[in-house]
């Protein structure tokens, strides 16, 4: 069982995701950033792209960022602030 951390994804209008996750992948300025539990403190800007969170069973939840954003990881708490998102349709 993977170690979990708290993640929150927020836009100007709504909380898109809030809960426990085993990993978070987001589009940073110089490439995609992968976050796991116990990650070192981090604050970075994000560019438009796909944000993926995985639960402890490996099930993925993805969102496509429609604008820029910001990611902060501190003490097993990830906060993602985005301009706007649209859901990503799962592959069949």
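Structural remarks
- Search result, residues across region 78-92 that are in a strand (DSSP E or B) and more than 17 Å from residue 22 (Cα to Cα): 81, 82, 85, 86, 87
- Looking across 47, 35, 30, 10, one residue alone is within 9 Å of the chain's Cα centre (by Cα) and either closer than 22 Å to residue 86 by Cβ or free of Cβ contacts under 8 Å to residues at least 40 places away in the same chain (or both). It is 35.
Read the figures in this text as sums done on the coordinates, not as results from a lab. Model, not experiment: these values are computed from the prediction. Don't worry about glycine lacking a Cβ; one is built from the backbone with ideal geometry, like all the others, and counts go over all protein chains shown.
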